[in-house]
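Accompanying notes for the structure given below.
The values are calculated or read from the model by the stated rules, or taken from the named source; none is laboratory data. This one's a predicted model, so the numbers in the text were calculated from it and none came from an experiment. Glycine also receives a Cβ, built like all others from the backbone with ideal geometry; neighbour counts cover every protein chain displayed. With ligands, DNA and RNA removed, areas are computed over all heavy atoms of the protein, side chains included. Shrake-Rupley method; radii C 1.70, N 1.55, O 1.52, S 1.80 Å.
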Amino acid sequence: MNTISTPGTDAPSAEAPEYPMTRAAGCPFDPPPALRTLQTEAPISRVRLWDGSTPWLVTRYEDQRALLTDPRISADSTHPHYPHVGAGQKERRRQSRSFVAMDDPEHARLRRMATAAFSIKHVEALRPAIQKIVDDLIDELLAGPKPVDLVQAFALPVPSLVICELLGVPYADHDFFQANSKVLVKRTATPEQGRAVTKRLVDYLERLIGDKLVHPADDLLSTLAARVRAGELSRREAADMGLLLLVAGHETTANMIALGTLALLQHPDQLARLRESDDPKVVASTVEELLRHLSIVHSGRRRVALEDIEFSGVTIRAGEGVIVANDIGNRDPAAFPDPDRLAIARDARHHVAFGFGVHQCLGQPLARVELQVVYGTLYRRIPTLRPAADLDQIPFKYDGLVYGVYELPITW
């Protein structure tokens, strides 16, 4: 029988709840109530996954930060007891394994090859170009028909255009990689789907790497191609890295743009404070609070224990899986007073929306700048922006690894 453990012991006590858990009806922005119950009553407990395995779920903020920096915890997805999100994702990781699913020193070696492109200095230099992309898309919105789907007309094109420019991927191919990446970030993807989609995207990126070997440009794929030429990377490793950056670079930010907009529209007092301020610090604070409040990566940070760990009264045995549920960690009242309230003036920079420790998201400087430009521009240029559908009519991504909305009809 699958079991959970009571606080202070690793002994089995009851049937393990299924993870991920169901959100409460009418509360699409809040974590499932069962997660709050666990955070209060059993902050480190077992949960049941799709394959019947029962890894540990960690729900408290301080425990999460401690475990994510513990050298006895591994991110290696090839470990036999790694807690995969689903069958399709397990197949994808078998076919295409990026540095986020590796441990040091291999993780650090590969990550360093892309670090410069996502440095704060380099990303800040892109701000004017990102501003132009946002302004041009808003011009198109204002000149076009309404209502319009914000996801397709704005939220997806902004980060897709940016990551294509950064990587050196033709934006003309955006329909191809967006359609395939949708499958990659679906929890319910089958092994066959995961295998087929991964092959299509990796083959596509391998061809681009080959082109960059012959015709290098000023972009990240050309930088990776130079590493291939120098014998520091295989072409497949470069393609795997490109796949991670391409998918993560537009899926996460696109969802934050649309879901963040909807959250602000549901909190008109907070939206008014943002729209009426010309202080960049207010915009930056809004970004951090929305990252905390929404925590769109709802599959948790997945790890496996390399040795026995005595932690907060529980023994996590070597070989047992661990899931760090950052969405409820960012709602921990011990770290964020009144955590369920959206408050753009809150100092939320210490959130764990980007993870924590050596595997903290490489692209977070780029995501922050993109969101600052979007949140600082969209609502001022379209001050009467409003939803064109009731909240209960908007399709949320309950089946995704990255939370958001499939569409967001807006008007003004």
Residue set 37, 78; condition open to solvent by 30 Å² or more (accessible area, probe 1.4 Å) and not in a helix (DSSP H, G or I); output residue 78
How many of the residues making up segment 275-294 are touching a residue at least 60 places away in the same chain (Cβ under 8 Å) and either of a type in the set (Val, Ile, Thr) or buried (at least 23 other Cβ atoms within 10 Å of the Cβ) (or both)? 9
How many residues does segment 327-342 hold that are out of contact with any Gly (no Cβ under 9 Å at 6 or more places or on another chain), in contact (Cβ under 8 Å) with a residue 60 or more places away in the chain and open to solvent by 10 Å² or more (accessible area, probe 1.4 Å)? 3
Quick one: is residue 140 assigned to a helix (DSSP H, G or I), without any contact (Cβ under 8 Å) to a residue 40 or more places away in the chain, closer than 28 Å to residue 219 by Cβ and open to solvent by 20 Å² or more (accessible area, probe 1.4 Å)? yes
From the list 272, 263, 258, which residue is part of a helix (DSSP H, G or I), at pLDDT 95 or above, in contact with a strand residue (DSSP E or B) (Cβ under 9 Å, 6 or more places away or on another chain) and open to solvent by less than 30 Å² (accessible area, probe 1.4 Å)? 258
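Would you confirm, using the coordinates I've provided, whether residue 59 is at pLDDT 95 or above, within 21 Å of the chain's Cα centre (by Cα) and more than 20 Å from residue 19 (Cβ to Cβ)?
Numbers: at pLDDT 95 or above: yes; within 21 Å of the chain's Cα centre (by Cα): yes; more than 20 Å from residue 19 (Cβ to Cβ): no.
Against the criterion (at pLDDT 95 or above, within 21 Å of the chain's Cα centre (by Cα) and more than 20 Å from residue 19 (Cβ to Cβ)), residue 59 does not qualify.
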With respect to residue 65, is the statement that it is under 18 Å from the mean Cα position of the chain (by Cα) and in contact (Cβ under 8 Å) with a residue 24 or more places away in the chain true? yes
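Assess whether residue 207 counts as being over 23 Å from the mean Cα position of the chain (by Cα), modelled with pLDDT under 95 and closer than 17 Å to residue 96 by Cα. It would help to see each step written out before you state the result.
Numbers: over 23 Å from the mean Cα position of the chain (by Cα): yes; modelled with pLDDT under 95: no; closer than 17 Å to residue 96 by Cα: yes.
Against the criterion (over 23 Å from the mean Cα position of the chain (by Cα), modelled with pLDDT under 95 and closer than 17 Å to residue 96 by Cα), residue 207 does not qualify.
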Hey, can you tell me all the residues within segment 373-406 that are of a type in the set (Gly, Ala, Ser) and open to solvent by 40 Å² or more (accessible area, probe 1.4 Å)? 388
Which members of segment 24-34 meet the condition of being open to solvent by 40 Å² or more (accessible area, probe 1.4 Å) and either part of a loop (DSSP other than H, G, I, E, B) or small (Gly, Ala, Ser) (or both)? 25, 26, 27, 30, 34
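Is it the case, given these coordinates, that residue 249 is crowded, with 23+ Cβ neighbours inside 10 Å and touching a Pro at 6+ places or on another chain (Cβ under 8 Å)?
Working: crowded, with 23+ Cβ neighbours inside 10 Å: yes; touching a Pro at 6+ places or on another chain (Cβ under 8 Å): yes.
Here the answer is yes, as residue 249 does meet what is asked.
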Show the residue pairs meeting these rules: Cβ distance below 9 Å; 6+ apart or different chains; first residue within segment 343-372 and open to solvent by less than 40 Å² (accessible area, probe 1.4 Å); second residue aromatic (Phe, Trp, Tyr) and in a loop (DSSP other than H, G, I, E, B). 346/336; 348/336; 351/336; 363/354; 364/354; 367/354
Scan segment 144-163 and tell me whether some residue there is without any contact (Cβ under 8 Å) to a residue 60 or more places away in the chain and acidic (Asp, Glu). no
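Evaluate segment 97-112: report whether one residue or more is small (Gly, Ala, Ser) and surrounded by fewer than 16 Cβ atoms within 10 Å (Cβ to Cβ).
Residues of segment 97-112 that are small (Gly, Ala, Ser), as a first pass: 98, 101, 108.
Checking the rest, the ones that are also surrounded by fewer than 16 Cβ atoms within 10 Å (Cβ to Cβ) come to 108.
Scanning segment 97-112, I find at least one residue that is small (Gly, Ala, Ser) and surrounded by fewer than 16 Cβ atoms within 10 Å (Cβ to Cβ), so the answer is yes.
Of everything in segment 230-255, what is hydroxyl-bearing (Ser, Thr, Tyr), at pLDDT below 95 and either part of a loop (DSSP other than H, G, I, E, B) or in contact with a Leu (Cβ under 8 Å, 6 or more places away or on another chain) (or both)? Give them in sequence order.
In the first step, residues of segment 230-255 are kept if they are hydroxyl-bearing (Ser, Thr, Tyr); the result is 234, 252-253.
Subset that is at pLDDT below 95: 234, 252.
Within segment 230-255, 234 is the sole residue that qualifies.
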Just checking, does segment 44-61 include any residue being within 21 Å of residue 355 (Cβ to Cβ), polar (S, T, N, Q), in contact (Cβ under 8 Å) with a residue 12 or more places away in the chain and assigned to a helix (DSSP H, G or I)? no
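Of all helices (runs of 4 or more DSSP H) completely enclosed by segment 157-229, which ones contain at least 2 residues that are open to solvent by 60 Å² or more (accessible area, probe 1.4 Å) and within 30 Å of residue 399 (Cα to Cα)?
174-184, 191-214
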